[in-house]
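Read through the structure below, which is laid out as structure tokens, and then see the notes.
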Amino acid sequence: MIRLIASDIDGTLLPYKEKALPEELFTEIARLSQKGILFCPASGRQYNSLRKLFAPVADHIPYVCENGAVVFGPGNPGPLLGKTAMDRRLAVELCRNILALPEAEVLISGADTSYLCPKREGVVEEIRDGLGNRTVVLDRPEDMPEDIIKVSVYCPGRLEETRLALVFRWERAFHAAVAGAGWLDFTLADKGIGLGQLCTSLGVGMEEVMAFGDNYNDLPMLEKVGRPYLVASAAPELRERVPGSCRSVLDVLREL
């Protein structure tokens, strides 16, 4: 029996470059809730960004945010159910490493705020207006005023070169995962850890969870749940690790 549905957003529910979710999704979320099935976004996005995206049902669903580093329950605002902070010294060193790379911008995540040390004009507006994040500009990473839960690289033009420059050095300290077009995320948590914290809070077994994803940062979640699905646009090499597949999330939700 399925009691919880967790879905990645960008590339899974929301095609890249699109800004709004289909209205039918909110109808399905409400219908499934009446059947005792809770829907949960599981994303690299910030809590504030996800609440805007899911505005019609925002107060009625939980959220696994920042690739599992923070988890919020339903409400406005919902209760904080889980937070996994990075080692501050190492996280700041990683930020400095990112800032030294050509064309790479760093985004430092708190529980519900994105902190940036912008190197080029317009990047703050891209994050604030394009993703709907709550943003604050810092002079330097050391000025971060709260726990660091995620450090992200934003490098649309040279992500692969940037990934190669960073992952070998940092893979022993943090989880690293490509999180969408132009994004590489470093955390101590992952979506599997965040989803596990949510399930513990709700009293739901992982075998009672259905999950959807399309990229490497979704694997820790997909490999733990009872019914995992990759959408049609998923990276082909992931199909050897995740048996379930579907054309779209809505196709599956309509049949529940």
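Remark: accessible surface ordering of Leu202, Leu164, Leu80, Leu53 (largest first) is Leu164, Leu80, Leu202, Leu53, probe radius 1.4 Å. Shape summary of the range 140-256, radius of gyration then Dmax from alpha carbon positions: 16.1, 50 Å.
Charging the Cβ of each Asp and Glu at -1 and of each Lys and Arg at +1, and nothing else, the dipole of the range 129-256 about its Cα centre rounds to 220 debye.
For Lys150, the lysines whose Cα comes closer than 29 Å to its Cα, not counting residues fewer than 8 places off in the same chain, are Lys17, Lys19, Lys52, Lys83, Lys119, Lys191, Lys224. Computed about its Cα centre, the charge dipole of the chain is approximately 280 debye, with only Lys, Arg, Asp and Glu carrying charge at their Cβ. In the full protein context, the range 97-193 carries 45 Å² of accessible surface per residue, based on a 1.4 Å probe and ignoring ligands, DNA and RNA. Computed over the range 96-166, the P(r) tail beyond 17 angstrom holds 39 percent of alpha carbon pairs.
Across the chain, the volume of the C-alpha convex hull divided among the residues equals 117 Å³ per residue.
Residues with beta-carbon under 13 Å from that of Glu255, excluding Glu255: net charge, scoring Lys, Arg +1 and Asp, Glu -1? Write out the running numbers ahead of the final one.
Working: positive: Arg31, Lys35, Arg227, Arg247, Arg254; negative: Glu28, Asp251.
Residues close to Glu255 contribute a combined charge of +3.
Within the chain, what whole-number % of the accessible surface is contributed by carbon and sulfur, with the 1.4 Å probe and all protein chains included in the calculation? Mind showing how you got there, number by number?
Details: 5700 of 11160 Å².
Roughly 51 percent of what the probe reaches on the chain is carbon or sulfur.
Using Cα pairs under 8 angstrom and six or more residues apart, how large is the relative contact order of the chain, in percent? Relative contact order here is 20 percent. Computed from Cα positions, the angle between helix 191-202 and the longest principal axis of the chain comes to roughly 50 degrees.
Per-residue 3J(HN,Hα) values for the range 240-256, derived from phi via the Karplus relation 6.51 cos²θ - 1.76 cosθ + 1.60 with θ = phi - 60°, read 6, 9, 10, x, x, 8, 8, 6, 7, 5, 4, 4, 6, 4, 4, 8, 7 Hz in sequence order (x marks Gly and Pro). For the pair the range 25-58 / the range 114-141, the C-alpha centres are spaced 25 Å from each other.
With a cut-off of 12 Å between beta carbons, the residues surrounding Leu90 carry a summed charge of +3, where Lys and Arg count +1 and Asp and Glu -1.
Stretched out straight at 0.36 nm per residue, the stretch from Leu250 to Arg96 would grow longer than its current Cα-Cα span by 51.3 nm.
Computed over the Cα atoms of the range 58-176, what is the ratio Rg over Rh, Rh following Kirkwood? If you can, show how the numbers build up before the last one.
Numbers: Rg = 14.6 Å, Rh = 15.1 Å.
Checking Rg against Rh, the ratio lands at 0.97.
With r as the distance between the Cβ atoms of Arg172 and Tyr16 and R0 = 22 Å, compute the FRET efficiency 1/(1 + (r/R0)^6) and round to 0.05. Efficiency, rounded to the nearest 0.05: 0.10. Relative to the longest principal axis of the Cα atoms of the chain, the long axis of helix 159-170 makes an angle of roughly 80 degrees.
When the solvent-accessible surface of protein heavy atoms is calculated with a 1.4 angstrom probe, in what order do Glu223, Glu240 fall, highest first? Intermediate values should be presented prior to the final figure.
Details: Glu223 95, Glu240 170 Å².
Largest accessible area first, the residues go Glu240, Glu223.
Annotation: extensible slack from Glu23 through Arg227 equals 71.0 nm (criterion: 0.36 nm per residue apart, minus Cα-Cα distance).
A viscosity of 1.002 mPa s and a temperature of 20 °C, combined with the Kirkwood radius over Cα pairs in Stokes-Einstein, give a translational diffusion coefficient for the range 1-119 of 136 µm²/s.
The values are calculated or read from the model by the stated rules, or taken from the named source; none is laboratory data. Everything numeric in this text was worked out from a predicted model, so none of it was measured. When we count neighbours, we look across all protein chains shown, and the Cβ atoms used for this are built from the backbone with ideal geometry, even at glycine. These accessible areas exclude ligands, DNA and RNA; they are computed on the full protein's heavy atoms, side chains included. Shrake-Rupley method; radii C 1.70, N 1.55, O 1.52, S 1.80 Å.
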